[in-house]
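Remarks on the structure that follows.
The values are calculated or read from the model by the stated rules, or taken from the named source; none is laboratory data. Here the structure is a predicted model, which means the values were calculated and not measured. For neighbour counting, all protein chains shown are included, and Cβ atoms are generated from backbone atoms with ideal geometry for every residue, glycine included.
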Amino acid sequence: MEKRTLGNSGLKVSRIGLGTMTWGRDTDEHEAAEQLRSYLDAGGSFLDTAAVYGDGDSERVIGGFIESLVARDEITIATKAGISIKSGERIIKNSRSSLLGDLDASLNRLGVDHVDLWQIHSWDESTPLEETLSAIDYAVSSGRAMYVGVSNFAAWQLARAATIQNPFFGKATLASIQSEYSLLNRSVESEVLPAAAVVGCGVLAWSPLGRGVLTGKYRSGTPSDSRAASPHFSAFVTPYLDARSRGIVEAVAVAAEGLGYSPIEVALSWVRDQPGVASAIVGARTGAQLRGILTVEEIELPDQVRSALNDISAK
């Protein structure tokens with residue numbers, strides 16, 4: 001699998017990343033192991049997780065695979081900090097003590113002494129940005145994180161953070177921003193992608209398959225085993241089941257049929273090869289699903305198809 005440099009950093013990541021949000025909850029250890037083997041066999045090495053995924057279970061599962069399934073130096077581990085779920089409520093807390101506490105807990109669950117990429121999971125209006133960024137400086141200087149980035153920041157938030165993290169002042173440079181990006185959600189193109197290019201951050205695209213909708217699985221209804229039918233993810237998927245999204249899904253399906261590809265291959269290759277994208281992060285419930293996704297490595301969309309999809313999804 002092709003690897004790309006993450007922004008202006010020295011870190012290289014697989015252009016398809018393996019998302020592990022469901023590991024330890026909807027995806028048991030057996031299925032997770034099958035996914036990891038399939039991903040490694042395809043030449044991938046970039047694992048994306050977060051402290052909040054499954055209340056830490058995702059990181060625990062990954063930690064159980066290190067050395068038993070894969071050597072530590074053969075994978076690039078990215079995790080995130082700053083979000084927790086308490087009593088069913090999503091809490092964002094980017095204080096220095098909270099972030100560093102999350103990081104140490106992540107390292108313990110993963111069973112490693114450092115992560116390759118550590119990201120602030122979301123913007124926190126209640127904590128001064130300078131305090132938040134002091135945590136990533138310490139993470140790098142203490143060797144707990146090799147590179148750092150942010151996730152789900154608006155363009156102005158990214159620009160401000162990157163300006164503060166000026167390496168001339170001994171700060172840890174931001175290597176990346178992780179944002180939602182798909183044919184169903186192109187909002188990052190107006191400001192976030194240009195800002196990332198200016199400040200030298202690579203873009204990690206999450207949910208490049210439109211929260212699963214671009215696979216085409218919802219064209220005839222909601223399958224009982226789908227995320228839209230899951231109590232954990234129904235609210236996450238439903239916004240992309242509207243009339244506009246259905247039109248884009250049909251366009252992807254038509255393009256796929258004409259090219260002899262699957263809708264997954266068309267939708268994912270579109271995101272993967274957009275300017276500024278270093279890696280498109282995909283998740284799957286089973287190993288079989290993931291193997292169907294990883295065939296995208298052999299796909300490159302013709303310019304005329306990419307242009308047509310650009311026009312249809314821009315409406």
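Overview of values
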{"read-out": "Test for Ser84: is it touching a helix residue (DSSP H, G or I) at 6+ places or on another chain (Cβ under 9 Å), assigned to a strand (DSSP E or B) and under 23 Å from Glu130 (Cα atoms)", "value": "yes"}
{"read-out": "Residue that is farthest from Asp57 (Cα to Cα) [pool: residues in region 1-41 that are of a type in the set (A, V, I, L, M, F, W, C) and assigned to a helix (DSSP H, G or I)]", "value": "Leu40"}
{"read-out": "Those residues of region 248-287 which are assigned to a helix (DSSP H, G or I), touching a Lys or Arg at 6+ places or on another chain (Cβ under 8 Å) and over 13 Å from Gly212 (Cβ atoms), in sequence order", "value": "Glu250, Ala253, Trp270, Arg272, Gly287"}
{"read-out": "Conditions (1) at pLDDT 95 or above; (2) at positive phi; number of the one not met by Gly88", "value": "(1)"}
{"read-out": "Which numbered condition Leu47 fails, given (1) within 23 Å of Gly212 (Cα to Cα); (2) hydrophobic (A, V, I, L, M, F, W, C); (3) at pLDDT below 95", "value": "(3)"}
{"read-out": "Subset of region 53-103 that is more than 13 Å from Val115 (Cβ to Cβ) and touching a Leu at 6+ places or on another chain (Cβ under 7 Å) - its residue that is surrounded by the fewest Cβ atoms within 10 Å (Cβ to Cβ)", "value": "Leu69"}
{"read-out": "Counted residues, region 1-18 - those being surrounded by fewer than 24 Cβ atoms within 10 Å (Cβ to Cβ) and more than 19 Å from Ala145 (Cα to Cα)", "value": "5"}
{"read-out": "All positions within region 288-303 that are more than 16 Å from the chain's Cα centre (by Cα) and either not polar (S, T, N, Q) or not in a helix (DSSP H, G or I) (or both)", "value": "Ala288, Arg291, Gly292, Val296, Glu297, Glu298, Ile299, Glu300, Leu301, Pro302, Asp303"}
{"read-out": "Checking Gly43 against (1) without any contact (Cβ under 8 Å) to a residue 60 or more places away in the chain; (2) more than 14 Å from the chain's Cα centre (by Cα), the condition it does not meet", "value": "(1)"}
{"read-out": "Residue ID - farthest from the chain's Cα centre (by Cα), chosen from residues in region 123-173 that are within 17 Å of Glu191 (Cα to Cα) and among the polar types (S, T, N, Q)", "value": "Thr163"}
{"read-out": "Residue tally, condition farther than 14 Å from Phe65 by Cβ and modelled with pLDDT of 95 or more, over region 22-40", "value": "0"}
{"read-out": "Residue ID - modelled with the lowest pLDDT, chosen from residues in region 298-311 that are over 28 Å from Val198 (Cα atoms) and crowded, with 16+ Cβ neighbours inside 10 Å", "value": "Ile299"}
{"read-out": "Only listed residue being among the polar types (S, T, N, Q) and in a helix (DSSP H, G or I), chosen from Gln157, Gln178", "value": "Gln157"}
{"read-out": "Residue in region 152-171 that is touching a His at 6+ places or on another chain (Cβ under 9 Å) and either touching a residue at least 40 places away in the same chain (Cβ under 8 Å) or not basic (Lys, Arg) (or both) present", "value": "yes"}
{"read-out": "Residue match in region 188-208 (condition: within 22 Å of the chain's Cα centre (by Cα), acidic (Asp, Glu) and modelled with pLDDT of 95 or more)", "value": "yes"}
{"read-out": "Criterion (outside any loop (DSSP other than H, G, I, E, B) and in contact (Cβ under 8 Å) with a residue 24 or more places away in the chain) met by exactly one of Asp73, Asp116, Asp124", "value": "Asp116"}
